[in-house]
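Input: a single structure, listed below in structure tokens.
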Protein chains: 2
Amino acid sequence: MTATTLPLARGSQDAQAGTCCAPIARRPLGEGDAAEMAVLLKAVADPVRLRLLSMIGSHAGGEACVCDLTDAFDLTAPTISHHLKVLRTAGLIGSERRGTWVYYWIIPETVNKLGALFAPLTEPGSRSDRPADLTVTPA
Amino acid sequence: MTATTLPLARGSQDAQAGTCCAPIARRPLGEGDAAEMAVLLKAVADPVRLRLLSMIGSHAGGEACVCDLTDAFDLTAPTISHHLKVLRTAGLIGSERRGTWVYYWIIPETVNKLGALFAPLTEPGSRSDRPADLTVTPA
DNA sequence: AAGCTACTTAGACAATCGTCAAAACAGCGC
DNA sequence: GCGCTGTTTTGACGATTGTCTAAGTAGCTT
């Protein structure tokens, strides 16, 4: 099998690649968008998968073979393979077999969705620290 | 070797608030940093908690009481309370009781850690040749 | 104080997750 | 072909998670 591309269909209003929704504190996340992003987040919410993703993304040449990854962990090969499958199913990485080894690379569009979700709000004049006070007088 | 594996959890060396580590594809994530970020990500890797966080962060006044949040879900109050506790334990939100109601607000420093981790990949050609000096606006 | 509302804690349950050992699959070299 | 190495699949196991009901705590109003 070759590089997998997850359907991840029906993003609400994502006309742009690498974006699903507005930053988390900009506007309430819709039910569908939340579900979609949760799938992505579940895939990275594991220390092993986080390190795998990071090792793949920062590896020279932009890709890494499984043999490069396994030694860094105290886990069996099937477990590493399982984690890679989770990342691949989520659309975070792609894979391809070339001869003996299988290579993995990051799919930046998907990673960028996460970055966009937690993008800092640079919008001035809004809260972002402690609650104002009991005086809730909106402008 | 420097203190790469500190027994006390405390984060590697983040003098910078709202930042834990370099972006995920910049350099391999350390074991401790990955564990720390995974805790944060697990807290957010749920559609209900994602929406809660978003509803709180985007609520007028910068805070929301539980009564504002419960109606949006088809879940019992204890379940909502449980999810809020998970978010609060992770340091993503703060809470305070004022009279009858309990108010929640976002802690942006923690959310920014997630944003920094998935910061967009800029130059796909050059990696790890710079010591990752991202400077987040200190609020 | 008694009753009411808002919210949290405690305990239980099925479902999912992370891990492993064993087996299977895919290429390469002899 | 046969054996060897690299990677994935299968099946199983305990641990964790999301949800509920029931009961508890905190504050207001009478």
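The values are calculated or read from the model by the stated rules, or taken from the named source; none is laboratory data. Since this is a predicted model, take the numbers as computed values, not measurements. Ideal geometry is used to build each Cβ from the backbone, glycine not excepted, and the neighbour counts take in all protein chains shown.
Quick notes on this structure:
- Residue match in the stretch A:66-73 (condition: more than 8 Å from DNA strand C (Cβ to nearest atom), touching a helix residue (DSSP H, G or I) at 6+ places or on another chain (Cβ under 6 Å), assigned to a loop (DSSP other than H, G, I, E, B) and of a type outside the set (Lys, Arg)): no
- Condition met for A:Gly18 (in contact with a Ser or Thr (Cβ under 8 Å, 6 or more places away or on another chain) and part of a loop (DSSP other than H, G, I, E, B)): yes
- If only residues of the stretch B:88-103 that are touching a residue at least 12 places away in the same chain (Cβ under 8 Å) and facing another protein chain (nearest Cβ under 9 Å) are counted, the one that is farthest from B:Leu69 (Cα to Cα) is B:Gly94.
- Test: residue in the stretch A:111-121 that is more than 30 Å from B:Asn112 (Cβ to Cβ), modelled with pLDDT of 95 or more and not basic (Lys, Arg): no
- Residues that are in contact (Cβ under 8 Å) with a residue 12 or more places away in the chain, acidic (Asp, Glu) and surrounded by fewer than 17 Cβ atoms within 10 Å (Cβ to Cβ), drawn from the stretch A:63-85: A:Asp68
- Single residue of B:Arg49, B:Arg27 found to be of a type in the set (D, E, K, R) and closer than 16 Å to B:Leu114 by Cβ: B:Arg49
- Here B:Ser95, B:Ser81 are screened, and the one residue that is within 13 Å of DNA strand C (Cβ to nearest atom) and touching a Lys or Arg at 6+ places or on another chain (Cβ under 8 Å) is B:Ser95.
- When each of A:Ala22, A:Ala60 is tested for being among the aliphatic types (A, V, I, L, M), more than 8 Å from chain B (Cβ to nearest Cβ), more than 10 Å from DNA strand C (Cβ to nearest atom) and surrounded by fewer than 21 Cβ atoms within 10 Å (Cβ to Cβ), the lone residue that passes is A:Ala22.
- Residues located in the stretch A:38-57, provided they are touching a Pro at 6+ places or on another chain (Cβ under 8 Å) and crowded, with 22+ Cβ neighbours inside 10 Å: A:Arg51, A:Ser54
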